[in-house]
Amino acid sequence: MDTVDTLEPTCRIAYLPILDVARGVAAGYQAVVQSDAGMLERADRSPEAKAEVTAAAARTALEAFATLPPNTFISIPTPFPVLADPRVREVLTRHGSLAGIILDIVEFSAAQLDTAAGALAAYRDAGALLAVGGQEAAQPELTSIVRLKPAVVRLGRAWVRGVDRSEAKRSAIEVTGRLASQLDAWILAEGVSTSAELRALAGLDVPLAQGSFIGEPQQFWPDIELKARTALPACTMPTDGVLRELLQRAYTATNLEAARSVLPETTGFDVLVVLDDHSRPVALLEQDVVGEWVTSPVLAVNIDTPVADAVERAMARPRDVRFTPLACTDHAGRFLGVLRIERLMSHLTTATAAG
């Protein structure tokens, strides 16, 4: 199916590739609305026009979702003022599961957060993730990051331009990366235009990147440019293979509410992982010290993640979930088992003592 569809006579969608910096492959695609200046101007002036364009863009992107390459996501630009608009909600709700969909929130307004809270909760319940960031020359607002708790934090072109030559910019990206880690979010660097910028971002462990050097918006799902793949180190994510030794099996379910209904009658296990239709972990339930089952957000780590990096990500979480088991996944994001923080810490202690 052609992934460019007509929204209005002068409005079309193309797809911009997003690079998985660690693996050198496409992690996903950003839907880009291509329109004449008149339509964009009307959308900027009129909330009605903005809602119509957003709903049409979302409809087109969701229709193309079925053709999305395996193990990738699609990011849909969604202005915050129209998040709760009935036209936008109807399009997203009709799609059913929003797993694999990232709603890229632009024009965030803390003052409007209460009016959009219900829509945000519904989208998240359906499996959607959120992305947020500043405009091209602006840094992401701390308020938007903390209150929206996005899965992706976007850094605009102003952050990336000349990052290979600017110690200040590298330090700023590191600080933002630590904040994102505390929320279990990923950094997406936008506007990468040179090999030096991409290598600098790889050295900072920025996980996602996009820009003209990586690939331009195209009609079909575009590949990552060869020049971008060859600019990266042979492997930017060193592995030690330890997680395979520390992995533990866990009970799984495919429906959170159904699992909750039988949990009071179960004995013999204290962790249950809820999986989506693609066997990817979406929630984790753990039995607390008084026997109550508590739902926690999933922190998923790839099977080839170094054990020290897995522990660092776990310790960056909020205190109340810091010692919740991690969900370990394969390269397609499928669940393999759980990793208990106690076992990870014990391994690190033993390895340090032996060294």
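What the table shows:
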| read-out | value |
| --- | --- |
| Peptides ranked, highest mean first, by Cβ atoms within 10 Å: ranges 81-93, 184-196 | 184-196, 81-93 |
| Between the range 315-342 and the range 149-220, the Cα center-to-center distance that results, in Å | 24 Å |
| Relative contact order for the chain, counting Cα pairs under 8 Å that sit 6 or more residues apart, in percent | 14 percent |
| Over the range 6-231, equivalent-ellipsoid semi-axes from the Cα gyration tensor in Å | 27, 20, 17 |
| Theoretical gain in end-to-end length, Val290 to Met345 [0.36 nm per residue, Cα-Cα removed] | 17.4 nm |
| Length released on extending from Gln219 to Ala121, taking residue separation times 0.36 nm less the Cα-Cα span | 32.1 nm |
| Cβ charges +1 (Lys, Arg) and -1 (Asp, Glu), total dipole of the chain, debye | 520 debye |
| Positive-end residue of Leu256, Val290, Thr350, charge dipole of the range 242-354 with Cβ unit charges | Thr350 |
| Segment Glu167-Arg319, length gained on full extension (0.36 nm per residue, minus Cα span) | 51.6 nm |
| Protection proxy ranking, peptides 72-78, 124-130, average beta carbon neighbours within 10 Å, highest first | 72-78, 124-130 |
| Ellipticity estimate at 222 nm from DSSP helix runs (n ≥ 4, -39,500 (n - 2.57)) divided over the chain, nearest 500 | -10500 deg cm²/dmol |
| For a label point 7 Å along the Cα-to-beta-carbon line of His331, residues of the range 275-301 with backbone N under 14 Å | none |
| Top of Ala202, Ala253, Ala300 by mean-square fluctuation, Gaussian network on the chain, Cα under 10 Å | Ala253 |
| Listed peptides 18-25, 210-217, 115-122 by packing density, highest first (mean Cβ within 10 Å) | 18-25, 210-217, 115-122 |
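The numbers here are math on the coordinates, done by the rules we state, and not lab data. For clarity, every value in this text was computed on a predicted model and none was experimentally measured. Here Cβ is always computed from backbone atoms with ideal geometry, including for glycine, and neighbour counts include all displayed protein chains.
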